[in-house]
Amino acid sequence: MIILGIESSCDDTSVCLLDCSDKGFFVLSEKTASQIEVHKKYGGVVPEIAGRLHAEKIVPLIEEILIDQPRPDVIAVTAGPGLITGLIVGTEAARALSYAWNIPLVAVNHLEGHMYSVELSVNQKIEYPAIALVASGGHTEITLIKKPGEYELLGHTKDDAAGECFDKVAKLLNLPYPGGPQISKLAETGKIDAIDFPRPMMKDTNYDFSFSGLKTSALYWLQKNKGTVSENDFCASFEQAIVDVLVHKTIKAVKEINPKTLILAGGVSANKKLRETFTKIISQEYPETKFLFPELKNCMDNAAMIAVAGYYQAQKGNFTDWDKIKADPNWHLTN
Ligand code: KG4
Ligand code: ZN
């Protein structure tokens, strides 16, 4: 089955033609237009600008990836959650193509896409039940996937997302957007115990997160103590606080639920420290659990992961009529 994936929920316009079968996934063609350079000037994503840029790019990108390729059997599009300005562009393009080509349409949840991004790597297959930590600029959630398509939200952030916290603290340090990669690069040569940052909600019995207090404590620390430790030490200590909280809560879920697979996905899953910490704990303490994370290029928003999630929905016949598809900026995978 050949699936055209479309992703436009944030600041990447991404389209992909994915050859899908039970043996695995093969990218026939893929194009992503990143808007980062434009949003950088504003220190974050500006929804109106994002919408306009998605609208400019989406048709030329789809035309490009279809050159010398077969027509898709199914279209999979991100319908939410995300910025309404971008979601509308993607869902309208998908609606028009579904009608014009008379092919079925699948509405994909962006977070479900991130979870399936791990299956884009050769021989990485999710076994169920699985637990997924999706940490990105907009989300930080621990989800139990009982079987494909059956989700239970175990916990989520009460305020800022982990990636957002990286981005906001990077802004305090005058580092360019997005700040996660910048902070983790500086952190590589810093001391993790130079500053004792708080680990919000870490010892709570639930699976929820809160990162806004950590951001505020980083702000106060800088106002009072800037210059007393190196930027590398600051970044290493800050990164360690985020990693500790994410790992602690997720491992608690692994311990209690004993899943067959642990999935780490979303933009923050590109973080080396986070990957290494999970790899170590899982291999030493939970060797029966398979730990999957995406290749670096698939951590960020991309249409291939949307096509994978769309494939599983299509197999179950979960299609949406072209005249019924609707962008839903607050679409919760589970309630
Ligand atoms: O999934 P994504 O591309 O977009 C959203 O759906 O939000 O995630 C982007 C987020 C940004 O907040 C960025 O700072 C963060 O992922 N990020 C990282 C790293 N690479 C990207 N955070 C920490 N360490 C990294 N290496
Ligand atoms: Zn994302």
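The values are calculated or read from the model by the stated rules, or taken from the named source; none is laboratory data. Just so it is clear, the structure is predicted and the values come from calculations on it, not from any experiment. FYI the Cβ positions are ideal-geometry reconstructions off the backbone, even for glycines, and counts take in every protein chain you see. Accessible surface areas use protein heavy atoms only, side chains included; no ligands, DNA or RNA. Shrake-Rupley method; radii C 1.70, N 1.55, O 1.52, S 1.80 Å.
Bridgeable lysines around Lys249 (alpha carbons under 17 Å apart, same-chain partners fewer than 8 residues away excluded): Lys158, Lys203, Lys273, Lys280. Between Tyr99, Tyr151, Tyr116, the Gaussian network model of the chain with springs among Cα atoms under 10 angstrom shows the greatest mean-square fluctuation at Tyr99.
Only helical runs count toward this figure. For the chain, summing -39,500 (n - 2.57) over DSSP H runs of n ≥ 4 and dividing by all residues gives -13500 deg cm²/dmol at 222 nm.
Given the convex hull of the Cα atoms of the chain, what is a quarter of its surface area in nm²? Don't skip to the end; give the middle numbers.
Working: hull surface 65.5 nm².
If you wrap the Cα atoms of the chain in a convex hull and average its projections, you get 16.4 nm².
Restricting the calculation to Cα atoms, region 190-335 shows an Rg/Rh of 1.05 when the hydrodynamic-style radius is the Kirkwood one. Pairs of Lys residues in region 23-143 that lie 8 or more places apart, or on two chains, and have C-alpha atoms under 29 angstrom apart add up to 8.
For Met300, Met202, give me the order by solvent-accessible area with a 1.4 Å probe, most accessible first, ignoring ligands, DNA and RNA.
Details: Met300 85, Met202 30 Å².
My answer, sorted largest first, is Met300, Met202.
In this structure Val46 has an accessible area near 40 Å², from a 1.4 Å probe over the protein heavy atoms. Have a look at Ala132, Ala170, Ala309 and tell me which one the Gaussian network model of the chain (Cα, springs below 10 Å) gives the largest fluctuation. Fluctuation is largest for Ala170. In the context of the full set of protein chains, residues of region 127-293 present 44 Å² of accessible surface per residue (probe radius 1.4 Å, heavy atoms only).
Divided by 2.2 N^0.38 Å, where N counts the residues, the Cα radius of gyration of region 68-193 comes to 1.33. Counting only protein heavy atoms and a probe of 1.4 Å, the accessible surface of the chain is 52% carbon and sulfur. With the largest listed first and rounded to whole Å, the semi-axes of the equivalent ellipsoid of region 1-108 from the Cα gyration tensor are 25, 14, 12. The aspartates and glutamates whose alpha-carbon is closer than 15 Å to the alpha-carbon of Lys326, local same-chain residues fewer than 8 away aside, are Glu7, Glu92.
Under a GNM of the chain (C-alpha, springs under 10 Å), which listed residue has the highest mean-square fluctuation: Leu186, Leu264, Leu133? Comparing Leu186, Leu264, Leu133 in a Gaussian network model of the chain, the most mobile one is Leu186.
Comparing Ala94, Tyr116, Thr189 along the charge dipole axis of the chain, the residue lying farthest to the positive side is Thr189, per the Cβ-charge model. Assuming charge only on the beta carbon of Lys and Arg (+1) and of Asp and Glu (-1), the dipole of region 127-293 about its Cα centre is about 140 debye to the nearest 20.
The listed residues Glu288, Glu37, once ranked by accessible area (1.4 Å probe) with the largest placed first, stand as Glu288, Glu37. For the chain, a simple Cβ point-charge model (Lys and Arg +1, Asp and Glu -1, everything else neutral) yields a dipole of about 620 debye relative to the Cα centre.
Annotation for region 16-73: chymotrypsin sites (Phe, Trp or Tyr not before Pro) lying in DSSP loop with at most 15 further Cβ atoms inside 10 Å of their Cβ are Tyr42.
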